[in-house]
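Here, each number is a calculation from the coordinates, and none is a lab measurement. Source: prediction; values computed, not measured. A quick note on method: Cβ atoms are made from the backbone with ideal geometry, for glycine too, and the neighbour counts reach across all protein chains shown.
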Amino acid sequence: MQITRQVAEQNNMIKVTSLLVEIGQFSGVEPHALEFAWEFVSKGTVAEGSTLEIERPPLVLFCTHCLIEYPGDMEDLRCPNCKDEVFEIRKGREMLVRSISGDKKTEKE
Ligand SMILES: [Zn+2]
């Protein structure tokens with residue numbers, strides 16, 4: 001919500017109609033919970049009534065044994081090469097706003 005407000009201000013937006021957010025599978029954020037919470041946090045703000053689109057990017061893990069990156073699967077996080085579970089998370093923890101659409105101040109109604 002804070003990011004949304006900032007971006008809206010920077011772009012002279014008077015109304016935010018939709019948002020595209022990226023939520024990594026390891027971010028600990030539950031998309032449904034976020035959608036639900038969004039209704040409440042956006043109330044009374046420029047983003048009231050906006051639609052929230054959630055994207056879940058694929059996980060990217062890095063095996064510290066084989067020194068290779070591999071696509072992660074929440075069901076099976078093991079390295080496909082050594083079948084070990086000694087990985088670092090390269091991609092999957094992020095939570096960011098990809099794009100915001102809305103009406104700008106300069107536009108006529
Ligand atoms: Zn490995």
- Query: If Lys and Arg each add +1 and Asp and Glu each add -1, what is the summed charge of the other residues whose beta carbon sits under 15 Å from the beta carbon of residue 45?
  - Reply: -1
- the chain: angle of helix 31-41 to the longest principal axis, Cα-based, in degrees nearest 10: 30
- What ratio of Cα Rg to 2.2 N^0.38 Å holds for the chain? 1.39
- Task: Show which lysines lie in cross-link reach of residue 83 when reach means a straight Cα distance below 24 angstrom and same-chain residues fewer than eight apart are skipped.
- Result: 91
- Set Lys and Arg Cβ to +1 and Asp and Glu Cβ to -1, take the dipole of segment 46-99 about its Cα centre, and tell me which of 92, 68, 47 lies farthest positive. 68
- Query: Leaving out same-chain residues fewer than 8 places away, which lysines sit with a Cα under 20 Å from that of residue 15?
  - Reply: 43, 104, 105, 108
- Message: Rounded to the nearest 20 debye, what is the charge dipole size of the chain about its Cα centre when +1 sits on each Lys and Arg Cβ and -1 on each Asp and Glu Cβ?
- Response: 400
- Query: Relative contact order of the chain: what whole-number percent is it, with Cα pairs under 8 angstrom and at least 6 residues apart?
  - Reply: 40
- Query: What order do you get for 30-39, 57-66 when each peptide is scored by the mean count of other beta carbon atoms within 10 Å, highest first?
  - Reply: 57-66, 30-39
- Query: What residue among 58, 14, 29 has its Cα farthest toward the positive end of the dipole of the chain, where the charges are +1 on Lys, Arg and -1 on Asp, Glu, each on the Cβ?
  - Reply: 14
